[in-house]
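A.B. asks: The following block contains the structure, expressed as structure tokens.
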Amino acid sequence: MQDTFVTIARFPYSTEAQIAKGRLESDGIEVFLRDNLTIDTDPLVSQAIGGVKLKVLAKDEEQAREILKSIKAYSVDNEGNPIVCPNCKGQHIEMYTTITNFKSLMSFLIGLLFFTLPFSARYKYKCEDCNTEFPIKD
């Protein structure tokens with residue numbers, strides 16, 4: 001069991017996975033990336049095959065997860081201060097895109113049809129601690 005690799009993280013692109021791999025290897029943890037060459041060849045299949053898998057030996061799993069957790073970047077305001085959840089006052093906040101109205105839906109569909117980036121998107125914050133969603137303040 002100790003000589004088997006376990007997946008501890010998935011990334012949409014290999015560049016993110018390479019950064020995490022380098023950090024773990026600098027702490028002496030043996031790391032293996034799976035599907036990174038496939039996604040480098042054709043990035044559009046990333047979602048279909050589950051992204052680049054970051055694997056470590058089973059004996060190093062707990063230590064590797066703690067290291068990845070410690071380096072995860074969360075949202076900050078314009079002054080560099082962490083965004084705080086209005087509900088639980090936690091600082092584990094991530095920004096994500098939503099399609100909530102007709103304008104953003106049409107933007108998504110036009111981008112999909114003409115292979116362009118969407119020109120209208122709605123962003124929100126979500127607290128990882130209590131799952132509260134709240135809008136971005138300008």
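The values are calculated or read from the model by the stated rules, or taken from the named source; none is laboratory data. If you're wondering where the values come from, they're calculated on a predicted model, not measured in any experiment. We place every Cβ from the backbone using ideal geometry, glycine too, and count neighbours over all the protein chains shown. With ligands, DNA and RNA removed, areas are computed over all heavy atoms of the protein, side chains included. Shrake-Rupley method; radii C 1.70, N 1.55, O 1.52, S 1.80 Å.
A.B. asks: Kindly indicate whether any position in region 4-12 is open to solvent by 80 Å² or more (accessible area, probe 1.4 Å) and outside any strand (DSSP E or B).
C.D. replies: no
A.B. asks: Starting from region 1-24, keep only residues that are touching a residue at least 24 places away in the same chain (Cβ under 8 Å) and over 15 Å from residue 69 (Cα atoms), then list their pairs with residues that are part of a loop (DSSP other than H, G, I, E, B) and of a type in the set (Asp, Glu) whose Cβ atoms are within a distance under 9 Å, requiring at least 6 positions of separation or different chains.
C.D. replies: Pairs that qualify, where the first residue is touching a residue at least 24 places away in the same chain (Cβ under 8 Å) and over 15 Å from residue 69 (Cα atoms) and the partner is part of a loop (DSSP other than H, G, I, E, B) and of a type in the set (Asp, Glu), are 5/30; 14/35.
A.B. asks: What pairs can you find where one residue is in region 38-49 and among the hydroxyl-bearing types (Ser, Thr, Tyr), the other is surrounded by 10 or more Cβ atoms within 10 Å (Cβ to Cβ), and their Cβ atoms are less than 7 Å apart, with a gap of 6+ or different chains?
C.D. replies: Partner pairs satisfying both residue conditions: 38/45; 38/49; 46/12; 46/13; 46/39.
A.B. asks: Could you check region 52-84 and list, in sequence order, the residues that are hydrophobic (A, V, I, L, M, F, W, C), farther than 17 Å from residue 17 by Cα and modelled with pLDDT under 85? Working first, answer last.
C.D. replies: From region 52-84, those hydrophobic (A, V, I, L, M, F, W, C) are 52, 54, 56-58, 64, 67-68, 71, 73, 76, 83-84; that's our starting set.
Now narrow it down to the ones that are farther than 17 Å from residue 17 by Cα: 58, 76, 83-84.
Hits for region 52-84 are 76, 83, 84.
A.B. asks: Can you pull out the residues in region 107-132 that are at pLDDT below 75, outside any loop (DSSP other than H, G, I, E, B) and open to solvent by 70 Å² or more (accessible area, probe 1.4 Å)?
C.D. replies: Residues satisfying the conditions are 108, 112, 122, 123.
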